[in-house]
Amino acid sequence: MTSPIEVRVAASEEDLKACFAVRREVFVVEQSVPESIEYDTYDADAVHVLAVAADGTPLGTGRLLHGPAALGKTGAPEVGSLGRLAVARSARGLGVGRLLVRAIEAEAARLGLSAVDLGAQTHALGFYERLGYAAHGPEFQDAGIPHRAMRRPLP
């Protein structure tokens, strides 16, 4: 039996529009992140992943920065940066976030990266810890929301 949730690398313009729509719903509308900072120059070179329901409804998204784009965030060329992880309100509690994180990690491994870093909103630390991430460094603000840096070495 196949899962009713499909997670894939966003390969088409339609997929990217769906990714950005979920991000807008979660970050801009729900969390009041200014739209002017939600979308950035990193989007052009990032690997975007998209989770969709069996009927094609977008459920969640996330992105992976690698190479020069990630270097500024991670400080190490072999470390990727997971970001913009967003799950639609209607899909929360269904395991979509976990599926997205694992898909991003799989893509990072495919690209030869040795670890994945992220900046977790502090309310989500437990979620990422259950997936093997460890927090480090002090709390910091991003878009007015408290965050902590986290990392997970890839197997």
- request: Filter the stretch 57-91 down to the residues that are modelled with pLDDT of 95 or more and in a loop (DSSP other than H, G, I, E, B), then identify the one that is surrounded by the most Cβ atoms within 10 Å (Cβ to Cβ).
  value: A88
message: Return the pair list, or none, for Cβ contacts closer than 8 Å from residues in the stretch 5-25 that are over 17 Å from I104 (Cβ atoms) and of a type in the set (D, E, K, R) to residues that are modelled with pLDDT of 95 or more and not in a helix (DSSP H, G or I), at least 6 apart or on different chains.
response: E25/A86; E25/A88
- request: Look through the stretch 1-30, keep the residues that are among the acidic types (D, E) and under 23 Å from D142 (Cα atoms), and return whichever of them is farthest from the chain's Cα centre (by Cα).
  value: E30
query: Checking A120 against (1) buried (at least 17 other Cβ atoms within 10 Å of the Cβ); (2) under 12 Å from the mean Cα position of the chain (by Cα); (3) closer than 23 Å to T57 by Cβ, which test does it fail?
result: (3)
message: Given the options T122, T57, T74, name the one that is touching a Leu at 6+ places or on another chain (Cβ under 9 Å) and among the β-branched types (V, I, T).
response: T74
- prompt: Of the residues that make up the stretch 37-48, is at least one assigned to a strand (DSSP E or B) and either of a type in the set (S, T, N, Q) or surrounded by 17 or more Cβ atoms within 10 Å (Cβ to Cβ) (or both)?
  reply: yes
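The values are calculated or read from the model by the stated rules, or taken from the named source; none is laboratory data. No experiment lies behind these values; they were computed from the predicted model shown. Note that each Cβ is placed from the backbone with ideal geometry, even for glycine, and that neighbours are counted across all protein chains shown.
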